[in-house]
Amino acid sequence: MTVVPQSSGPAARADARRNRALVLTAAQRAFADHGTSVSLAEIARRAGVGAGTVYRHFPTKTDLLEAVMQQRIERMTARAAACLAAPDVGEAFFAFCAEIVLTSPRSRAVCDLITADDGWPRTLMRGAGDRFHQALHALLTEAQRCGAARSDITVADVSAMFTGCVAIQRISGSDQELVTAARIALDALRSPAAPAVTKPGHDDPIRNESNNEITSAASCPMCGSVLKATGLGRPARYCSAACRQKAHRRRNSGTERAVVTHR
């Protein structure tokens with residue numbers, strides 16, 4: 001095949017970059033639709049360029065496959081970095097995880113072929129993979145710092161979760177939303193909910209268990225006298241036995257009125 005010399009001017013370089021982007025986009029869709037057996041001629045047709053243009057940028061199909069995979073990894077790296085600027089980094093982290101799981105099954109053919117190669121990981125892919133893991137580590141660390149993700153998980157744990165969830169998603173055949181099993185698995189990465197407060201603070205009102213009335217912890221509800229601290233044990237509700245008895249009579253009187261009214 002005779003290669004026609006190309007101009008090295010700015011316009012030619014811009015045109016070459018545009019054609020390369022067109023080929024990569026067409027290849028990604030073709031591999032997702034038909035697997036890696038699709039021909040370079042078909043990819044050229046989809047991209048709207050000549051076969052020679054494809055071969056100039058990607059001499060072999062392996063070169064094209066690696067470029068497609070590298071482009072995906074770089075995009076995911078950029079997405080992870082962008083999530084760090086989200087208003088809610090915790091939810092951005094989980095949205096990113098869901099995106100990885102949803103979109104990865106479409107790249108299965110490319111992943112399988114590249115990882116089966118004896119030379120894996122090649123230098124090009126290793127660099128892209130390292131950058132992705134660094135971005136994922138930064139995002140996970142921030143999600144943990146704000147309390148959204150479990151503090152005891154690592155990037156290796158998240159990557160393993162991706163592998164399992166992608167397999168679940170692939171079996172389901174759904175590419176529109178996470179299936180229930182995958183969603184439950186990803187939710188396991190969330191930080192446990194904070195325990196409910198079961199004991200009132202010093203400034204909280206104390207509930208009278210006999211009639212559910214709320215009384216103040218600072219003063220007697222009957223005479224308004226300041227309550228004295230009792231030290232350990234249950235706090236005092238009334239300042240004296242007289243006020244306690246008075247409250248008791250008032251409760252009984254209210255009960256009797258209620259019974260008469262009901263009759």
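Quick look at the values:
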item	result
Derived scalar couplings ³J(HN,Hα) [the stretch 90-96; Karplus, 6.51 cos²θ - 1.76 cosθ + 1.60; whole Hz; x for Gly, Pro]	x, 5, 5, 4, 6, 5, 5
Listed residues 57, 133 arranged by accessible area, highest first, probe 1.4 Å	133, 57
Dipole in debye (nearest 20) - the stretch 126-170, about Cα centre, beta carbon charges: Lys, Arg +1; Asp, Glu -1	140 debye
Positive-pole candidate from 129, 160, 149, dipole of the stretch 121-160, charges at beta carbon	129
Exposure of residue 246 as accessible area (Å², to 10), given a probe of 1.4 Å and all protein chains	90 Å²
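The values are calculated or read from the model by the stated rules, or taken from the named source; none is laboratory data. All values derive from a computational prediction rather than experimental measurement. Glycine gets a Cβ as well: all are built from the backbone with ideal geometry, and neighbour counts include every protein chain shown. The protein model used for the area step is the full one, side chains on, heavy atoms only, and it has no ligands, DNA or RNA in it. Shrake-Rupley method; radii C 1.70, N 1.55, O 1.52, S 1.80 Å.
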